[in-house]
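One structure is given below, encoded as structure tokens.
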Amino acid sequence: MKILIVTDAWHPQVNGVVRSLTEVAGQLGAFGAQAVFLTPSGFATVGMPTYPDIRLALPAPWQVAQRIEAERPDFIHIATEGPLGILARRFCMKRRRAFTTSYHTRFPDYVAARLKFGKGWMERLMHRFHAPARATMVSTPTLERELRALGYENLARWPRGVDTVLFNPRKARRLDLPRPIFLYAGRIAVEKNLEAFLSLDLPGTKMITGDGPARAELEAKYPDAQFYGTLKGEQLAETYASADAFVFPSRTDTFGNVMLEALASGVPVAAFPVPGPLDVIGRAPVGVLDHDLRKAALKALNIPRAACRNFALQFSWAASARMFLSNILAANGRSPLPETMTAAA
């Protein structure tokens, strides 16, 4: 069976949406499914307002329709609410074609953080976008509860995974930096609340990997922090494993794949007790969630690295892909995959 995944977020972007879609697509073949993508590739693009590094496609409706028809997919999944997602939704609605969606990003919170005004209108637009979907996939129980309270129906759980081979404590290396090393990895943008970390009075070194529109301003404002830009693959894995604690200051993320990557690397997490960290960490003894982020960061240093690694081993991209496919099958009136079915089956 062929699944067309429509996404406005795609390589060379480095974020949780791109990583999740890429990893899950790579696993689907083991379950008898093929993923193909409709992405901004091949279209004229424009920089997203307030974040020009993210390129948004500018297709005509007929171009999107032509791409979808050429693929002749069995199922259509719309992963993002951008221009491609909007036009793919329009295609499906016009042709009475069933589709599923996923809710990856709290855009109402991001818009409110960037434009400094209420998010209610954006919440209504998001609800309208997802309402016709046979199923809207969400990553965590907390997000599911939040969306149900906003009137969403047909919600389905789609957990994330982590590459425990790439992210591994054995990849730690000696860094010529004062210890302890507190690491942040991810997009450097206002919605990530990075100043809540950078402004803390902490011993040792604050290490920042990633890029984004707020980098230049924050790098100038906090010259003692070490900014390394975007790291990938082995270089990123080594950086994770070489840190002493991972600090996740975001209050708006729906999940936070980077927390699982840190834990798989044997690095404990410090974060606020908000959705995302509460769902990933919860009461597990692999991180400290506290409204006092400094206290959380310092306490996290006492957590055994082995406990973090063992916790992360519970997550896999194969299990995530199985649930993704099961949700699509169930939403289209097919029998979902058995819970006991594995990628090797």
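The values are calculated or read from the model by the stated rules, or taken from the named source; none is laboratory data. From a predicted model like this one, the values you see are computed outputs, not experimental measurements. Heads up, the Cβs are rebuilt from the backbone with ideal geometry, glycines too, and the neighbour counts pull from every protein chain shown. Protein only, heavy atoms only, side chains kept; ligands, DNA and RNA dropped before computing areas. Shrake-Rupley method; radii C 1.70, N 1.55, O 1.52, S 1.80 Å.
The strands (runs of 3 or more DSSP E) falling completely within region 240-290 include none with 3 or more residues that are surrounded by 24 or more Cβ atoms within 10 Å (Cβ to Cβ) and within 16 Å of the chain's Cα centre (by Cα). Across region 291-302, what is the total count of residues that are open to solvent by less than 20 Å² (accessible area, probe 1.4 Å) and among the polar types (S, T, N, Q)? Within region 291-302, residues that are open to solvent by less than 20 Å² (accessible area, probe 1.4 Å) and among the polar types (S, T, N, Q) number 0.
Going by what's in this entry, would Val138 be described as buried (at least 17 other Cβ atoms within 10 Å of the Cβ), within 21 Å of the chain's Cα centre (by Cα) and either at pLDDT below 95 or among the hydrophobic types (A, V, I, L, M, F, W, C) (or both)? Against the criterion (buried (at least 17 other Cβ atoms within 10 Å of the Cβ), within 21 Å of the chain's Cα centre (by Cα) and either at pLDDT below 95 or among the hydrophobic types (A, V, I, L, M, F, W, C) (or both)), Val138 qualifies. Of all residues in region 201-220, those satisfying the criterion of being in a loop (DSSP other than H, G, I, E, B), open to solvent by less than 50 Å² (accessible area, probe 1.4 Å) and under 20 Å from Ser242 (Cβ atoms) are Leu202, Gly204, Gly210. You will find that of Pro169, Pro180, the residue that is under 23 Å from the mean Cα position of the chain (by Cα) and over 30 Å from Val138 (Cβ atoms) is Pro169 and no other. Tallying residues that are open to solvent by 40 Å² or more (accessible area, probe 1.4 Å) and in a loop (DSSP other than H, G, I, E, B) within region 167-178 yields 5.
Every condition in (1) surrounded by 14 or more Cβ atoms within 10 Å (Cβ to Cβ); (2) closer than 30 Å to Glu217 by Cα; (3) under 19 Å from the mean Cα position of the chain (by Cα) holds for Pro12 except the one numbered (1). Check whether at least one residue in region 48-57 is modelled with pLDDT of 95 or more, farther than 20 Å from Ala33 by Cβ and open to solvent by less than 20 Å² (accessible area, probe 1.4 Å), and report yes or no. Yes - at least one qualifying residue is present in region 48-57. Output the residue which, of all residues in region 36-47 that are among the aliphatic types (A, V, I, L, M) and open to solvent by 50 Å² or more (accessible area, probe 1.4 Å), is farthest from Val6 (Cα to Cα). Ranking the qualifying residues of region 36-47, first place goes to Val46. Taken over region 143-154, the criterion of being farther than 18 Å from Val17 by Cα and either free of Cβ contacts under 8 Å to residues at least 12 places away in the same chain or open to solvent by 10 Å² or more (accessible area, probe 1.4 Å) (or both) is satisfied by Arg145, Glu146, Arg148, Ala149, Leu150, Gly151, Tyr152, Glu153, Asn154.
When region 155-166 is filtered for residues that are over 16 Å from the mean Cα position of the chain (by Cα) and open to solvent by less than 80 Å² (accessible area, probe 1.4 Å), the ones remaining, listed by number, are Leu155, Ala156, Thr164, Leu166.
Residue count for region 118-159 satisfying the condition of being among the charged types (D, E, K, R) and in a strand (DSSP E or B): 1. Checked against (1) open to solvent by less than 60 Å² (accessible area, probe 1.4 Å); (2) closer than 20 Å to Ser242 by Cβ, Arg305 meets all criteria but (1). Taking Ala318 and the conditions (1) open to solvent by 10 Å² or more (accessible area, probe 1.4 Å); (2) farther than 30 Å from Ile76 by Cβ, which numbered condition does it fall short on, given that it satisfies the others? Ala318 satisfies every listed condition except (2).
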